[in-house]
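The values are calculated or read from the model by the stated rules, or taken from the named source; none is laboratory data. What you see is a predicted model, and the numbers here were worked out from it, not measured in a lab. No Cβ is skipped: glycine too gets one built from the backbone with ideal geometry, and neighbour counts run over all protein chains shown.
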Amino acid sequence: MTDEQAMWRVQSEGDPAAFAELVGRWEKPVQDLCFRMLGDYQMSMDIAQETFARVFARRKDFSGQSRFSTWLWRIALNLCLDELRKRRRWREESLEDGLVDVMESDSESPDAALASREEAELVRRCLLSLPEHYRSVLVLRHYENLKFAEIAAVLDIPEGTVKSRMAAAMTLLGEKLDACMRGGQQSSKQSIDKQHKLTLI
């Protein structure tokens with residue numbers, strides 16, 4: 001059963017088994033998206049739950065003319081952006097709050113594991129400091145593996161805008177990483193390597 005077929009059953013029959021199937025398939029990817037947008041583990045879990053609550057509550061709004069995943073990403077991303085706007089208004093927490101450790105390989109030495117954690121946290125902080133419109137395209141592209149056309153559909157913007165935002169986001173992220181490296185007196189070779197650490201978070 002495809003996502004769209006399952007969603008049709010949810011729409012037409014309120015089928016709990018079909019809805020459970022969708023949640024099972026998409027819960028972890030949605031949680032990951034929320035964490036990379038918000039940097040807060042518990043809030044990410046809450047927003048993911050709210051995402052699926054919205055999916056069910058608004059099931060009649062799904063037209064079936066686009067992929068279910070596109071509609072789902074849009075709901076999740078909008079909830080993340082709402083939360084970020086709320087944080088800005090109330091200044092409830094900093095961008096560094098709620099970061100969790102990176103899973104470590106058993107083959108890593110303690111020194112290598114520590115370096116990996118430090119690198120990953122550095123990339124997270126820089127990612128979380130990007131403006132939301134840049135962070136959104138970068139997360140959807142590099143972590144959710146969406147194509148530019150799919151990102152354009154999720155964000156409801158032209159594909160050309162997605163590509164320009166992606167280029168600007170990568171440039172800005174590289175500049176922020178370089179600045180952090182210089183502050184930590186790391187070498188230019190290490191600075192270049194950090195730009196390829198996106199897979200760590």
Exercise. Quick one: would you say R135 is modelled with pLDDT under 95 and in contact with a Leu (Cβ under 8 Å, 6 or more places away or on another chain)?
Worked result: yes
For this session: May I ask you to list the residues in region 40-91 that are under 24 Å from W8 (Cβ atoms), at pLDDT 90 or above and either of a type in the set (G, A, S) or not in a helix (DSSP H, G or I) (or both)?
Result: A48, A53, A57, R58, F62, R67, S69, A76
Exercise. Can we say M37 is part of a helix (DSSP H, G or I), more than 17 Å from L146 (Cα to Cα) and either modelled with pLDDT under 95 or not assigned by TED's automatic domain parsing to the domain that holds E132 (or both)?
Worked result: no
Seminar exercise, completed: Within region 143-201, the residues that are part of a helix (DSSP H, G or I), among the β-branched types (V, I, T) and modelled with pLDDT of 85 or more are I151, V154, T161, V162, T171
